[in-house]
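This report concerns only the one structure given below.
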Amino acid sequence: MGEELSSLLCGRISREEKRAFVTAFVFTLLVHLYKFTNTLPNHDGMYNVYTSQNMIGSGRWALKYACGLSSYYDLPWVIGLFCCLYIALTAMIIVRLFRVKNPVVSFLCGGFLASSPATIETIFFEFTADGYFLAMLLAAVAVYLSRVEEKRISRHLLSGACICVSCGIYQAYVSFALILAVCHMIYELLKNQNKPREYFRWVLRQALIFGGSLAAYYGIWQVVMDRVGMEAYSYQGIDQVGTISLDLLRHGWENACWSVQYYLFQMPPRDYGWTLYAMFNVLMLGALALGLILGMVKSRMWKRPWAVVLVVLGLLAVIPFAGMWCFTSYSVYYRPLMLQSLMVLFLFTAVLYQDWTGPLLKNAAALLLSIIVLHNALLANICYFYMNLCYERTYADVVEMVSEIHNVGDDAEYTDMAVLGNRHSETLWGWQDEDGGLGREGRFYLLTSLLEKELLVDEHQVAGFLNWYTGMEIPRADSGRVSELSQDIRVQEMPIWPADGSIDVVDGTLVIKLSELQ
């Protein structure tokens, strides 16, 4: 299998593949340069300044090794370069898969992968972004290794191994492979260069490859958990995988439909109005439909009813494939970063107009898709602007907190620290100016829940910020001591931060009170 992968990566690289690689690398670097060259943590960043990413309980048994390539520190520039590399390699593989000959399509492939909302939100969590993009690369490689014309068993086995490892890094990228495979099948049906039985054999092979790789993923996960003595987490319902019912299937379908709608159109236009993002995506879907219809007409697909059936089935599978994990648990909630698979539809639109339309439509589609790429790039940098405001406000808040800690420390000694209560985590939904702000204008509906006003929300974040960003390495009180302090009448009568007296020393413990205690 190593020789097969070496042959794939070291084979002759076409001009368009090189163009796609360079475009994706440079565009990813430019779009996210501010994030890659600044410290802009989000709420999870406090826990991940240094961490081994040991997420076995969440089913991500390979994430530790994927992120370990760039070290276990949250190093924005280093991780950023790894992200650029993986995204660029993914673009190159996709260009090879669809045999792209048009430089504009190569540019758009790199542009969409670099600027999609899924990519933007993934880079919010930069400490693990390089691992996730490696999973995306493996998903793309898996589809290329098992394409319609590929007959070698060794390539099919390697394809399954790539899907298994990709799922072990982050499960959402299985959907990326599934939808990329659907678009590949439709593309090959339009080209009509294989016998009918080859396509049905390919569908069967895909069922075996994906089914076998997911079974292997689940088996490895169970073995690893057993060896380390760990149980599955309840997060996103991962501990409920394997339980199936008709009601769950119904709920899963509704959840998947809502997740896809939210990613493409943000909030319902009838309630929140139309945004540029939603309008651009409506135009893109219209262009996709038109390009597909023209391709089917020009390839005379009506003479091959079986091919029409496969195309229709493939299109119907997009929603359940994109939200496939919705069918495993009632608790699954899809975030934009889990829906990178939908960006394949944008790439496929560009591919369709490369081969099946005239110059006028080709140029119009290229213009529309280019505008979408630039609009996404603009949204990314506006998001980073708000993340910078969040960091600056948090730092100013923590400097005031440190000053107060020093003041109370001059009067009484303490050996540990207890942060009690939880503050409301205000996001961009409620963080707007009197004129409406960019949030209410509608640009951010898709990403607002992760654009926070400040990060000092709970015990872990306060302790993490004090530890990593101010150097105050104060030991944290154990759970028993925290519970005892919560019941202490002196603590209950303390005001809430940032009021005077919200930080005090109680029986040798530094107490920071963030909210009223229950």
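The values are calculated or read from the model by the stated rules, or taken from the named source; none is laboratory data. What you are looking at is a predicted structure, and each value in this text was computed from that prediction instead of being measured. In this analysis, Cβ positions are derived from the backbone assuming ideal geometry, glycine residues included, and neighbour counts consider all displayed protein chains. Note: areas computed on protein heavy atoms with side chains; ligands, DNA, RNA excluded. Shrake-Rupley method; radii C 1.70, N 1.55, O 1.52, S 1.80 Å.
For the chain, lysine pairs separated by 8 or more sequence positions, or belonging to different chains, with Cα-Cα distances below 29 Å total 25.
In the chain, taking the dipole from charged Cβ atoms about the Cα centre, the farthest positive-side position among TRP77, GLY464, SER175 is held by SER175.
Pick out, from VAL22, HIS32, LEU189, the residue whose Cα sits farthest towards the positive end of the charge dipole of the chain, with +1 on the Cβ of Lys and Arg and -1 on the Cβ of Asp and Glu. So the residue we want is LEU189.
Under a model in which nothing but the beta-carbon of Lys, Arg (+1) and Asp, Glu (-1) is charged, the chain shows a dipole of about 4680 debye around its Cα centre. Close amide H partners of GLY323, meaning residues 5 or more places away or on another chain with modelled amide H under 5 Å apart, do not exist here.
A crude spin-label estimate for the pair SER449 and ASN467, with each label 7 Å from Cα along the Cβ direction, gives 2.7 nm. Our summary of shape: the Cα atoms of region 115-237 have principal axis extents of 50, 36, 23 Å, ordered from largest down, in whole angstrom.
Using the Cβ-Cβ distance between GLN492 and LYS151 with R0 = 45 Å, the FRET efficiency computed as 1/(1 + (r/R0)^6) comes to roughly 0.05. The charge dipole of region 7-142, taken about its Cα centre with unit charges on the Cβ of Lys, Arg, Asp and Glu (plus for the first two, minus for the last two), comes to roughly 640 debye. Per residue, the accessible area of the chain comes to 43 Å², computed with a 1.4 Å probe over protein heavy atoms only. Can you compute the label reach from SER515? Point 7 Å from Cα along the Cβ direction, backbone N cut-off under 19 Å, restricted to region 444-486. Answer for this model: 449-465, 482-486.
Taken over the C-alpha atoms, region 467-518 has Rg and Dmax values of 11.5, 32 angstrom. The label-point distance for SER71 and ASN407, in a model that sets each label 7 Å from Cα toward Cβ, rounds to 3.8 nm. Spacing of the modelled spin labels on ASP478 and TYR330, each 7 Å from Cα toward Cβ, amounts to 3.7 nm. What's the carbon and sulfur percent of the chain's accessible surface, probe 1.4 angstrom, rounded to a whole number? Carbon plus sulfur share of accessible area: 61 percent. Summed over qualifying helices (DSSP H, 4 residues or more, each -39500 (n - 2.57)) and divided by its residue number, the chain shows a 222 nm mean residue ellipticity of -20500 deg cm²/dmol.
A probe of 1.4 angstrom, applied to the heavy atoms of all protein chains, finds ARG205 with accessible area near 40 square angstrom.
Once the Cα-Cα distance is subtracted from the 0.36 nm per residue extended length, the GLU400 to ASN388 segment shows a gain of 2.5 nm.
Of the options VAL402, ALA499, ILE382, report the single residue whose Cα projects farthest towards the positive end of the charge dipole of the chain (beta-carbon charges: Lys, Arg +1; Asp, Glu -1). Of VAL402, ALA499, ILE382, it is ILE382. Based on Cα atoms of region 241-339, Rg over Rh with Rh as the Kirkwood radius reads 1.06.
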